[in-house]
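Every read-out reported here was derived from the displayed coordinates using simple, explicitly stated rules and does not represent laboratory data. Quantities reported herein were computed from a predicted structural model and do not represent experimental measurements. Cβ sites come from the backbone with ideal geometry, for glycine too, and all protein chains shown count toward neighbours.
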């Protein structure tokens, strides 16, 4: 997990408000950091094995050198997941470092710098916990598997049988081979 000393100096620990006026926060260059229990993320909690633990976070509002407003979200922790191969609980390490470009209208998305994700704010306040939760949800693997276990892409699906049965199946001629001979003979 992130240690307090590992935060950049501009991230000073402060309580995270429920809602923030993003545009005022950008003007004031607001920064927040701390720890949120996993139980404070209801949508994420439904994907977890349990809600034991917490997520260290840092949220910063600012403008880049070209004047684009953004919120930077840094979050780190261990997510308790269920391995879909073994059905065992395991802790999945997650680290997020995402810069979201603040936009008032969807049409403004095209003007964001490359690599930035848009965050449609308009004139409404944003809920920073929801933004952090969205990023954590995106970090959860589609099919969670423990380290050392085969990932979903590596799983080999077979019809079963022993080695002799599989060898016999490989020796049988393909039905398409006969079609190939017929086609080759009529040419």
Worksheet item: In Å and whole numbers, how far do the C-alpha atoms of the range 4-154 stretch along each principal axis, longest first?
Response: 49, 33, 26
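May I ask you to compute the full-extension gain from residue 125 to residue 85, defined as 0.36 nm times their residue separation minus their alpha-carbon distance, rounded to one decimal in nm?
Details: separation 40, 0.36 × 40 = 14.40 nm, distance 4.17 nm.
Length gained between residue 125 and residue 85: 10.2 nm.
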Discussion item. What distance in nm lies between label points placed 7 Å from Cα along the C-beta direction at residue 72 and residue 96?
Written reply: 1.7 nm
Worksheet item: Can you give the Rg to Rh ratio for the range 80-135, taking only C-alpha atoms and Rh from Kirkwood?
Response: 1.17
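Set the Förster radius R0 to 45 Å, insert the Cβ-Cβ distance between residue 110 and residue 39 as r into 1/(1 + (r/R0)^6), and round the FRET efficiency to 0.05.
On the way: r = 38 Å, r/R0 = 0.85.
The formula returns an efficiency of 0.70 here.
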